[in-house]
1. Restricting to DSSP H runs of at least four residues, report the calculated mean residue ellipticity at 222 nm for the chain, -39500 (n - 2.57) per run over all residues, nearest 500 deg cm²/dmol.
2. Mind pulling the angle between the C-alpha long axis of helix 268-290 and the longest principal axis of the chain? Nearest 10 degrees, somewhere in 0 to 90.
3. Relative to the longest principal axis of the C-alpha atoms of the chain, give the angle of the C-alpha long axis of helix 171-180, reported between 0 and 90° and rounded to the nearest 10°.
4. Before anything else, pin down the relative contact order of the chain: Cα pairs under 8 Å, at least 6 apart, normalised by residue count, whole percent.
5. Once phi is turned into θ = phi - 60°, what whole-Hz ³J(HN,Hα) does the Karplus curve with 6.51, -1.76 and 1.60 give for every residue of segment 241-257, x standing for Gly and Pro?
6. Amide H neighbours of Glu103 under 5 Å, counting only residues 5+ apart in sequence or on other chains, H built in-plane at 1.01 Å?
7. Please sort 39-50, 115-126, 183-194 by packing, taking for each peptide the average over its residues of neighbouring beta carbons within 10 angstrom, highest first.
8. Report, by chain and number, residues whose modeled amide H sits under 5 Å from the one on Gln155, excluding near sequence neighbours (fewer than 5 apart, same chain).
Amino acid sequence: MNEFSSVQPGAIELDFLSKYLPIGDKIFVNPISGFITSQRQMSADDVAKYWSDKIFPDKSVESYSAYNPFAQARLFYVMQTIAQFLKFNEHTSLHWCDFATGEGVLLKHLRNHYPLLKIYGTEHSSALVESLKSNGFEVDIKTLGIQTSLSDKEQFDISTLTWTLANAIDPLACLRDVVANTKTGGYVCVAESSRILVPFRKSLSDYFSKTFPADLHPSNFSANTLKLLIQLAGLEIVFVNRYFDSDVLLIMGKKVDHKVEPNFFDDQMQVVDFMKEWALASELFERLRSTD
């Protein structure tokens, strides 16, 4: 079975998280990898439509936007980390695709700082695609997880997937789709928030949502479980950032023509204990918040 697309037999329910979730939603720790997962009751299409139809159009100050300063900063960090690792210069003209590009902030960073790159994007939302096209970007409508090559595109030298896999019902299918559109010898960079088995960075009330279904953020990655996912997708890990004391977990894999053996796992009980400690710490965080 796909450890990343379902709750596995022997998974441990973290019932103490119920107060942070919508009524009826549950969080589990899978036994083999120690991967933290929601129930995964929504379909991949349901999740994509929810983000496209309800979250991205929401312009309230509490809603997420990649134009928020913190989001722009972390996407700039992704770009510059890749640029330094691959030793970009003013002549670099590689083919780069940002998959599930959303509002296209990373594409704009790339165009502004490395104008000779040949940049592309994909996005599920037709409204966002039209907006990006009107700004001169080459972006295709595509739902990740459906293995189809992009029309009239060569495979890419660099593929990025940023703050997307945590929102995917089947992240392995999504990542394999990205890998299929990347050249052998090319690089895939995955970036997510660094939250699991690292120092606590926020209260659980700020990490989970009582408003949105848990399936909108069904995957909760540690460094090990993200490395495992990357290996299962056929990538050889070549770079891991300093995630332990950073808000960003960034891993780069190289597409190779040989089988990659997965060798990264978390201990299930260690993860359960970590989440219990986080719940205790969250009580302190909430008390501190109440004194503001």
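Nothing in this text is a laboratory measurement; each read-out follows from the coordinates by a stated rule. This one's a predicted model, so the numbers in the text were calculated from it and none came from an experiment. We place every Cβ from the backbone using ideal geometry, glycine too, and count neighbours over all the protein chains shown.
1. After summing the helix terms and dividing by residue count, I get -9500 deg cm²/dmol.
2. 80
3. With rounding to tens, the tilt is 10 degrees.
4. It comes to 21 percent, rounded to a whole number.
5. Per-residue couplings from phi come out as 6, 7, 7, 5, 10, 10, 6, 10, 10, 10, 10, 10, x, 10, 6, 10, 9 Hz.
6. Ala66
7. 183-194, 115-126, 39-50
8. Close amide H contacts, sequence-distant or interchain: none at all.
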